[in-house]
Number of protein chains: 2
Amino acid sequence: MILTVTPNTALDITYHVPSLRPHASHRVREVVERPGGKGLNVARVLAALGHRVTVTGLVGGSTGRSLREQLAGTENLTDALFPVSGATRRTIAVVDAATGDTTQLNEPGPLVAPAEWSDFVASYERLLPSCSAVALCGSLPPGVPVGAYAQLVRAARGAGVPVLLDTSGEPLRRAIAARPDLIKPNAEELAELTGSHEPAEAIRDARRRGAHAVIASLGADGMHAVTPEGHWRAAPPERVRGNPTGAGDSAVAGLLSGLVEGLDWPERLVRAVALSAATVLAPVAGEFDPEAYEELRAKVVAGPVAPDPE
Amino acid sequence: MILTVTPNTALDITYHVPSLRPHASHRVREVVERPGGKGLNVARVLAALGHRVTVTGLVGGSTGRSLREQLAGTENLTDALFPVSGATRRTIAVVDAATGDTTQLNEPGPLVAPAEWSDFVASYERLLPSCSAVALCGSLPPGVPVGAYAQLVRAARGAGVPVLLDTSGEPLRRAIAARPDLIKPNAEELAELTGSHEPAEAIRDARRRGAHAVIASLGADGMHAVTPEGHWRAAPPERVRGNPTGAGDSAVAGLLSGLVEGLDWPERLVRAVALSAATVLAPVAGEFDPEAYEELRAKVVAGPVAPDPE
């Protein structure tokens, strides 16, 4: 099975209001709630593609209970979340009915005790031997050491399990030195990591820092893969319009599913780009439109790119 | 004991953000959570004043579990909330750190089935014989009939228990005809009920519609009581500045505690005005500052008002 790790799981709540006006009082028309955090989103897409997937990460409080109850019905998905004493955070997305614009409010997450973190790492290490691949996803909750992802990358590599890392900031900087197989930064995360706003140069720098392969997501320009096996680029046939929430998580699911199925890099990229675009097109944020996915998969083209001069 | 009824209980969540900007993403700095809904707020103030109080109303889901867990530690307060299948609503108050201004997002509440409502009414009727007074507070959740408060007022009067009603809109209009002992509208609610923006005229109309006594809260101008025993007005010694959240609920607690202690109207009004102002002055929204309360109680003056010509 594929393992996804979400240290900072979330109960994602969406509110629909006619229009958000600061300092006014609003009656929320519609409330939608679902389990969230990048790793859970990735897992849901993998499960929908027919892969067996196990989710772990930290979960707690009444928000955590809600999250687990809502996860329980998902086919192909096993809950191996690790309980902590603090409460799983909420994220609130307030959608303006008129414009579709979203205002986001993200709680920081539970304060995790050192003993909770080390017990979690031990449980993660027990899961690794049965994994075909692992994805480490999202932010770290308060109290978790900033080197946490470096520790999880090393454990996966020690167990011989391919590891994809999707995070940002200092946790990414620390973990990249532990030599993950794959990172999937966007342009902003690459620039923050390397100081360079020129993607080709930033990708080169990220690989020098330790990442074996870098798959940079460049928004509407698609994805750029720089790997030990070669350089490729893939983009959707035309610009897709819709809600980009979860598009990056769908791309991670595409890359992981392609990896465990033994697809070559261009095929993995096509899958990631098509899933990502099909997520933007889906009516519900974070889900993908299966018909659009099949159509796009036939249309997305991945082409080789000449390596940059080093 | 005093009974407070909150059909639409809430988990009140306060987020502190540097500044709320529509369509941006915000990291919430601080999250505060507490049991809410007007009747629970009234009960908390009564309990703090040393009164034994029982809370009932509808509660459900994981938000409801949280609410009950947080209520469990309150001295003098007994939880007789009635479980329903839907989830207790959340209210989110987003406070701008710079200005202190608040943006409010209120979920509608659970959809209540007719059988759930009639079972609740039966449990409410079993509580009435042991009550010294009852307060019916706040909005009705979806599915509860608009005549719900009229039904609860009639049951209380049938059991010989004095009943205070604090709601608005159509539920108030219907329930006032069932002749509650006391209503506590603000100027806006009075105008909505009667069509008159002139408080004296609106109060007269509200009494004609069925309320035995009307205690109108007129913001910084204090409170105006029109009762079968006479007319009084009380105001704080000076304008108080702070957060008015919960000030109305504290006033209700003042009126109820005065009623069950057998205080006369001017004394009840002084207590209500002092508690209300001490709530505006408290650093935490919805709580009252006990020292400020004692000081204000000595300073607030209630004076008789000549009855308006009918």
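So the values come out like this:
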{"quantity": "Accessible surface, chain A, averaged per residue in Å² (probe 1.4 Å)", "calculated": "41"}
{"quantity": "Net charge over other residues, Cβ less than 9 angstrom from the Cβ of A:Glu107 (K, R count +1; D, E count -1)", "calculated": "+3"}
{"quantity": "Candidate lysines - alpha carbon under 30 Å from A:Lys38, same-chain residues fewer than 8 apart omitted", "calculated": "A:Lys184, A:Lys299"}
{"quantity": "The stretch A:159-259: GluC sites (Glu not before Pro) in DSSP loop, at most 14 other beta carbons within 10 Å", "calculated": "A:Glu229, A:Glu238"}
{"quantity": "Heavy-atom accessible area, 1.4 Å probe, ligands and nucleic acids excluded: residues of the stretch B:17-42 down by at least 40 Å² from chain alone", "calculated": "B:Leu20, B:Pro22, B:His23, B:His26, B:Val28"}
{"quantity": "Rounded percent of accessible protein surface that carbon and sulfur make up, chain A, 1.4 Å probe", "calculated": "50"}
{"quantity": "Probe 1.4 Å, all protein chains present, accessible-area order of A:Arg268, A:Arg239, largest first", "calculated": "A:Arg239, A:Arg268"}
{"quantity": "Scaled radius of gyration (Cα, divided by 2.2 N^0.38 Å) that the protein assembly as shown gives", "calculated": "1.15"}
{"quantity": "Projected label distance in nm at B:Arg179 and A:Val146, using a 7 Å step from Cα toward the beta-carbon", "calculated": "7.2"}
{"quantity": "Over chain B: helical MRE at 222 nm, DSSP H runs n ≥ 4 each giving -39500 (n - 2.57), nearest 500", "calculated": "-11500 deg cm²/dmol"}
{"quantity": "Accessible surface buried upon A-B contact (total; probe 1.4 Å; Å², nearest 100)", "calculated": "2500"}
{"quantity": "Sequence-separation-based contact order of the stretch B:2-304, relative, with Cα cut under 8 Å and 6+ spacing, percent", "calculated": "14"}
{"quantity": "Residue-level accessible surface for B:Lys184, protein heavy atoms, 1.4 Å, Å²", "calculated": "10"}
{"quantity": "Most to least packed among B:1-7, A:280-286, A:116-122 [average Cβ atoms within 10 Å]", "calculated": "B:1-7, A:280-286, A:116-122"}
{"quantity": "Rg/Rh (Cα only; Kirkwood hydrodynamic radius) as it applies to chain A", "calculated": "0.96"}
{"quantity": "Selection of trypsin sites (Lys or Arg not before Pro), the stretch A:27-131, meeting DSSP coil and at most 16 other Cβ within 10 Å", "calculated": "A:Arg29, A:Arg52"}
{"quantity": "Summed side-chain charge close to A:Thr4 - residues other than A:Thr4 whose Cβ falls under 14 Å, Lys, Arg +1, Asp, Glu -1", "calculated": "+1"}
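The values are calculated or read from the model by the stated rules, or taken from the named source; none is laboratory data. Computed from a predicted structure; not experimentally measured. Cβ: placed from backbone, ideal geometry, glycine included. Neighbour counts: every protein chain shown. Remember, those area values only see protein heavy atoms, side chains included, never the ligands or the DNA or RNA. Shrake-Rupley method; radii C 1.70, N 1.55, O 1.52, S 1.80 Å.
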